[in-house]
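The values are calculated or read from the model by the stated rules, or taken from the named source; none is laboratory data. Predicted model only: the values in this text are computed from it and were never measured. Cβ coordinates were reconstructed from backbone atoms using ideal geometry, including for glycine residues, and neighbour counts include every protein chain displayed. The protein model used for the area step is the full one, side chains on, heavy atoms only, and it has no ligands, DNA or RNA in it. Shrake-Rupley method; radii C 1.70, N 1.55, O 1.52, S 1.80 Å.
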Amino acid sequence: VELLIPVVKDLPLVQNFELNPAARYTEYATSGAVTTWKMGANWQVYDDLRLRATLSRDIAAPTLYQLYAGLQTRTSNTLDPHIYISYPTQPANININTVVEEGGNPLLTPEKSAMWVAGAVYSPSFLPGFTVSADYYHINIKDAIGASSILQQMLDCEASNGLAPICSQTIRPLPFSDRSVNNVLTKSILKNFNQARQYAEGVDFEMAYRFPVADILDGMDGNLELHGYASLATAAGIQTTPNLPVQILNNVGRDAQFRSQFEVIYSDDVLTTRIGMRNTGDTNRAQMRAPNNGFYANYFNEPDRWYTDVTVSYMLNQFEFMD
């Protein structure tokens, strides 16, 4: 269900104001019903300026692969933090070979997110064909679908003293309270769960300008288009499991804080030429806590890279074929 509701128009500084509410009811055979919605608003201040905002609750349903992937079995050498061998000076963990089962999880539910976006579009009347916009966004995802590693599942179980639901995925022959070598991990079941949280916020900028080439070169046909895009990420992070700290992703590794793209397009009746340039953005050297919280893994600088794309197309008006 979607509505477009005119609220106010033809007032000083309110040329037009309208609301755009919408709602959707979806029922999944695996996880049941879920309702999503949005509330949008458009405010045309005057001919040149429009303000816009949207608040929404969105979902992403699990894929068929995440739900029903076939079972695969392998072995893995891993550390078992639950077992200790007494040494004269200090206890130590032991390494073990364990069976690992991986497959789909039909109990997954849709990921849920809360998002709001607010921005402005400016199209100056003194410069026809030119438009510039800026939008701020904030996205917070909960119940995100993700799988833990073997070690992380054991650490999450240890943190709960054997009471967390994840403990059912780490199979031992004896009760959790037994920390002897007789109770080493025999099987680890790796599945996707609704266990992660992720957030992101930033500002997107866009510019477009279209005008006849004759405005700058007398007698030349065709149109010229200039496009510019830029994205500034102000925050980003992920918490892969409830027992792990939030990992900051903004400006770390390959998640650049600033990226941009520019295009110049010339077109007439038969010829279109496009030159585009985009950059990946650079990132600072940063550190992210490793899964066992015992050390930090370094992420080195990623330099700013520029890529240039050129496309030329020509329309052939007519072909003549011989019999």
Problem - Residue, nearest to Val181 (Cα to Cα), within region 58-82, restricted to residues that are open to solvent by 90 Å² or more (accessible area, probe 1.4 Å) and among the hydroxyl-bearing types (Ser, Thr, Tyr) - result: Thr75
Exercise for the section: Test Ser125 against the stated conditions and say whether it is under 28 Å from Ala60 (Cα atoms) and among the small types (Gly, Ala, Ser). Expected result: no
Practice task
Could you list, in sequence order, all residues of region 234-255 that are modelled with pLDDT of 75 or more, more than 25 Å from Glu158 (Cα to Cα), open to solvent by less than 30 Å² (accessible area, probe 1.4 Å) and part of a loop (DSSP other than H, G, I, E, B)?
Solution key: Asn250, Asn251
Handout entry: Checking Arg172 against (1) modelled with pLDDT under 90; (2) over 30 Å from the mean Cα position of the chain (by Cα); (3) open to solvent by 30 Å² or more (accessible area, probe 1.4 Å), the condition it does not meet
Key = (1)
Completion exercise
For region 9-51, the count of residues that are surrounded by fewer than 16 Cβ atoms within 10 Å (Cβ to Cβ), farther than 22 Å from Val117 by Cα and of a type in the set (Val, Ile, Thr) equals 2
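Could you list all residues from region 262-273 that are open to solvent by 60 Å² or more (accessible area, probe 1.4 Å) and in a strand (DSSP E or B)? Can you show your working first?
Let us first name the residues in region 262-273 that are open to solvent by 60 Å² or more (accessible area, probe 1.4 Å), namely 262, 264, 269.
Those that are open to solvent by 60 Å² or more (accessible area, probe 1.4 Å) and in a strand (DSSP E or B): Phe262, Val264.
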Fill in the blank from the handout: Checking Leu55, Leu108 in turn, the sole residue that is of a type in the set (A, V, I, L, M, F, W, C), in a strand (DSSP E or B) and surrounded by 13 or more Cβ atoms within 10 Å (Cβ to Cβ) turns out to be Leu55
Exercise for the section: Report yes if some residue within region 13-30 is modelled with pLDDT under 95 and of a type in the set (Gly, Ala, Ser); otherwise report no. Expected result: yes
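Given the criteria assigned to a helix (DSSP H, G or I) and of a type outside the set (A, V, I, L, M, F, W, C), does Ser188 qualify? Let's see the steps before the verdict.
Values: assigned to a helix (DSSP H, G or I): no; of a type outside the set (A, V, I, L, M, F, W, C): yes.
No: the conditions fail for Ser188.
Could you identify the single residue in Val181, Val213, Val203 that is modelled with pLDDT of 95 or more and not acidic (Asp, Glu)?
After ruling out the rest, the residue left standing is Val203.
Rundown of residues vs (1) at pLDDT 95 or above; (2) over 26 Å from Pro245 (Cα atoms), yes/no style:
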| site | (1), (2) |
| --- | --- |
| Leu79 | no, no |
| Ile83 | no, no |
| Thr89 | no, yes |
| Ile94 | no, no |
| Val121 | yes, yes |
| Pro124 | yes, yes |
| Ala134 | yes, yes |
| Leu151 | no, no |
| Met154 | no, no |
Problem - Selection status of Phe211, among the aromatic types (Phe, Trp, Tyr), open to solvent by less than 60 Å² (accessible area, probe 1.4 Å) and in contact with a strand residue (DSSP E or B) (Cβ under 8 Å, 6 or more places away or on another chain) - result: yes
